Amino acid sequence: MKIPHIPVLYNEVLDIFKDINNDYIIDCTVGYGGHSYGLIKQNHNIKLICNDQDEEALDFSKNRLIDFHNRIMFNKDNFSKLINKFISFPIKGILADIGVSSLQLDKLERGFSFKSSNLDMRMDRNQDLTAEYIINNYSKKDLEKLLKDYGEVKDYINITSLIIKNRPFDSAKQLSDLLTKNINKFRISPATLVFQALRIEVNNELSVLKDLFNSIEKSNLKNCIVTIISFHSLEDRIVKNYFKKWSSSCICEDNIMKCLCGNNNKKGNILTKKPITPTSYEINKNPRSRSSKLRVFKFD
């Protein structure tokens, strides 16, 4: 079968989980089954819980992984709710690849692409909020905050004014053409950053990621490896900060003169002092992998 997505840092992920010989690994974002296919073939005695909120991706993975159906459970949900749902299972690994899949980017009707004839960007197409609603209805103040905070757009004031003057928009192509034509390009295209901000807002991505970490933290997992692949600095910062917190014995605020937390809060160890990034070979083979970063934590 034709595979519409190349999983990033594939060999690195398999290496991280290679010593898990039984119990469950949760793939929070199974997508088109790339990492899960490798894991289920490599680790002969494990079972997988494969989750995604994108029904199209989930249906594809069910078909791709059908030969392993007796070792896989599929679940459709936002991954922030996943750990609580399966808290009673013996979980030894958690994987979350929180990037947009190639099929979502390339399939024009999904509205993620600069060439799309709509402005959708929903990963879960059952939800109501779309990028079209945001770009056409948010106030100037809210759009400025969105582009500044989620897109890290330097010229967010002028870009917001440009968008408001040219509303309404009914396609991603219309929006990207306007930005490309009127905004000077920096190292990263302003259109790329605006689309990033819209996608994060539509799918509530940063809050959902924090919810995932909070649910993991409360679950009191033992001997469990948590692996997160992120694609931009806002996500990576969240991952880095949670892992740092989990590896610290004292979690008091920096301005506290005397420890008040008990100084016994360490939950495990960070296994990646620096994030793992793609090799030049992988980037040449799959340019979309170039911004990916992988961090790993292991609970005691």
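The values are calculated or read from the model by the stated rules, or taken from the named source; none is laboratory data. The structure displayed is predicted, hence computed values, not measured ones. Positions of Cβ are generated from backbone atoms using ideal geometry, with glycine treated the same way; all protein chains shown enter the neighbour counts.
Residues in region 128-141 that are in a loop (DSSP other than H, G, I, E, B) and either farther than 18 Å from residue 109 by Cβ or without any contact (Cβ under 8 Å) to a residue 12 or more places away in the chain (or both): 128, 138, 139. Picking from 176, 219, which residue would you name as being in the same structural domain as residue 294 (by TED's automatic domain parsing), polar (S, T, N, Q) and surrounded by 14 or more Cβ atoms within 10 Å (Cβ to Cβ)? None of the other options fit; the residue is 219. Pairing each residue of region 5-21 that is of a type in the set (S, T, N, Q) with any residue that is surrounded by fewer than 12 Cβ atoms within 10 Å (Cβ to Cβ) and in a loop (DSSP other than H, G, I, E, B), provided the two are 6+ apart or on different chains, yields C-beta distances under 6 Å for 21/45. For region 276-300, filtered to residues that are over 30 Å from residue 218 (Cβ atoms) and under 16 Å from the mean Cα position of the chain (by Cα), the residue that is surrounded by the most Cβ atoms within 10 Å (Cβ to Cβ) is 289.
Taking region 161-174, which residues are over 26 Å from the mean Cα position of the chain (by Cα) and either among the aliphatic types (A, V, I, L, M) or outside any loop (DSSP other than H, G, I, E, B) (or both)? Matches in region 161-174: 161, 162, 163, 164, 165, 174. Taken over region 231-254, the criterion of being over 22 Å from residue 154 (Cα atoms) and either touching a strand residue (DSSP E or B) at 6+ places or on another chain (Cβ under 7 Å) or touching a residue at least 60 places away in the same chain (Cβ under 8 Å) (or both) is satisfied by 239, 240, 243, 246, 247.
Residue-by-condition table, conditions (1) buried (at least 23 other Cβ atoms within 10 Å of the Cβ); (2) among the β-branched types (Val, Ile, Thr):
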site: 20; (1), (2): no, yes
site: 24; (1), (2): no, no
site: 46; (1), (2): no, yes
site: 59; (1), (2): no, no
site: 62; (1), (2): no, no
site: 68; (1), (2): no, no
site: 94; (1), (2): yes, yes
site: 100; (1), (2): no, yes
site: 109; (1), (2): no, no
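What residue, among those in region 185-226 that are of a type in the set (S, T, N, Q) and outside any helix (DSSP H, G or I), is modelled with the lowest pLDDT? Here the answer is 189. The combined condition, being under 21 Å from the mean Cα position of the chain (by Cα) and modelled with pLDDT of 95 or more, is not fulfilled by residue 273.
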